[in-house]
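Student: Could you have a look at this structure, given as structure tokens, before my questions?
The values are calculated or read from the model by the stated rules, or taken from the named source; none is laboratory data. Being a predicted model, the structure only gives us computed values, none of them experimental. Note that each Cβ is placed from the backbone with ideal geometry, even for glycine, and that neighbours are counted across all protein chains shown.
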Ligand code: 6SG
């Protein structure tokens with residue numbers, strides 16, 4: 001058993017991409033689920049570097065910040081490019097995904113009722129950037145010819161966009177086929193079909 005522990009709320013949220021990567025890489029991990037009441041006591045928060053979850057433990061290494069966790073796993077499992085130039089492009093793409101993720105999180109937690117229509121209307125302007133990168137690279141991955149942490153992160157964020165707006169990929173055939181190929185990877189498929197995955201809501205406030 002790999003020495004990995006994820007401490008987080010009972011949501012997919014900011015751990016979904018890491019969980020998908022761990023599954024695809026054939027890794028096991030332990031989940032420590034933190035309830036709202038436990039979190040509100042404040043004892044755990046005090047021990048978190050930025051006062052937030054997720055916390056990820058790899059043996060005696062404790063990591064916070066979901067994207068740092070993804071990059072650590074990318075380095076450990078060969079999902080961070082073949083060289084420094086590919087790694088730089090992977091960082092760039094992962095940061096692009098983070099921009100869309102932040103916009104999505106803002107919608108979900110701050111302005112779902114008032115902002116949803118405008119968000120969906122603007123979504124193609126974000127999706128087309130990733131569509132373009134995938135079209136140019138031609139390998140089915142964002143960078144180089146093998147899967148990277150940026151692919152896992154994009155896959156996760158797009159799963160959420162499809163729930164929010166089921167038709168959003170219809171005008172983006174390359175993204176659609178990216179999603180199909182990622183979903184069909186046997187270990188990802190098994191994880192997405194698992195009860196552990198299905199029982200988790202996407203977000204902490206029930207909106208999606
Ligand atoms: C929330 O924002 O779940 N962490 C969140 N919230 C609690 O006191 N940049 C970093 C990163 O990438 C962002 C971390 C992130 O890792 S994730 C956190 O720690 C805090 O700030 C989204 C999520 N939200 C659910 C939630 C948190 C507080 C209220 C709703 C769970 C449900 C109730 C309590 C805990 Fe809840």
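Table: residues versus (1) within 15 Å of residue 154 (Cβ to Cβ); (2) modelled with pLDDT of 95 or more; (3) surrounded by 15 or more Cβ atoms within 10 Å (Cβ to Cβ); (4) not assigned by TED's automatic domain parsing to the domain that holds residue 160.
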| residue | (1), (2), (3), (4) |
| --- | --- |
| 96 | yes, yes, yes, no |
| 102 | yes, yes, no, no |
| 116 | no, yes, yes, no |
| 121 | no, yes, no, no |
| 133 | yes, yes, yes, no |
| 141 | yes, yes, yes, no |
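Student: Go over the candidates 50, 36 one by one and state the one that is over 19 Å from residue 202 (Cα atoms) and in contact with a strand residue (DSSP E or B) (Cβ under 8 Å, 6 or more places away or on another chain).
Tutor: 50
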